[in-house]
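Encoded as structure tokens, the structure appears first; notes follow it.
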């Protein structure tokens, strides 16, 4: 659901777990493809939301066949052991490559536990927008949030007052890099969007049931 409470346009996706088997014309093309695949972590759109994760097998042809993946044409190219990705190894989150993946997962878990309301949407969107770009200043954003919360009529910003739910959720975040704080905002906004979609679904189900009686 968008900011204007409209459903997102339908998008064509590839089913999770899909396998693509690639064949090359010759060894030279296979070597070039192997180098390219080794640099790819995601493909497609909305990568910041976690879509498009891909991995590849560029080891030996026999190993690829045993794992049920890979292509003899591609995997026959010899590579150094350190060039082959270790199966099951956690990859960095897109856009947060310099931050340990466990820290990112901890933030995501905290965002899931946070008590959020529809009124939190506007403040979270503002914080996320202010923390974009190389010049993002977390300290300045925190000060502005506190100033807005201290106003006589803070509206939705009251959630950033001391002991309120957004203030508690952001307290451990303000000392983190801007990219990680922005990620937390986006995770919370996704939760609000999903809650709104669930309400729409429940309303549709009730209306359908009433019409069938």
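The values are calculated or read from the model by the stated rules, or taken from the named source; none is laboratory data. Values in this document were obtained by computation on a predicted structure and should not be read as measured data. Glycine also receives a Cβ, built like all others from the backbone with ideal geometry; neighbour counts cover every protein chain displayed.
Any residue in region 3-24 that is at pLDDT below 75, outside the structural domain of residue 183 (by TED's automatic domain parsing), surrounded by 10 or more Cβ atoms within 10 Å (Cβ to Cβ) and touching a strand residue (DSSP E or B) at 6+ places or on another chain (Cβ under 7 Å)? For region 3-24, residues at pLDDT below 75, outside the structural domain of residue 183 (by TED's automatic domain parsing), surrounded by 10 or more Cβ atoms within 10 Å (Cβ to Cβ) and touching a strand residue (DSSP E or B) at 6+ places or on another chain (Cβ under 7 Å): absent.
Listed by first and then second residue, the pairs linking a residue in region 9-24 that is over 13 Å from residue 46 (Cα atoms) to a residue that is modelled with pLDDT under 75 and not in a loop (DSSP other than H, G, I, E, B), with Cβ atoms under 7 Å apart and 6 or more places separating them unless they lie on different chains, are 22/74; 23/73; 24/73; 24/74. Under the condition of being more than 16 Å from residue 125 (Cβ to Cβ) and buried (at least 17 other Cβ atoms within 10 Å of the Cβ), the residues counted in region 177-192 number 2.
Does region 115-133 hold any residues that are surrounded by fewer than 18 Cβ atoms within 10 Å (Cβ to Cβ) and over 17 Å from the mean Cα position of the chain (by Cα), and which are they? Listed by number, the residues that qualify are 115, 117, 118, 119, 122, 126, 133. Residues that are over 17 Å from residue 191 (Cβ atoms) and outside any loop (DSSP other than H, G, I, E, B) within region 148-178 comprise 148, 149, 155, 157, 158, 160, 167, 178, listed in sequence order.
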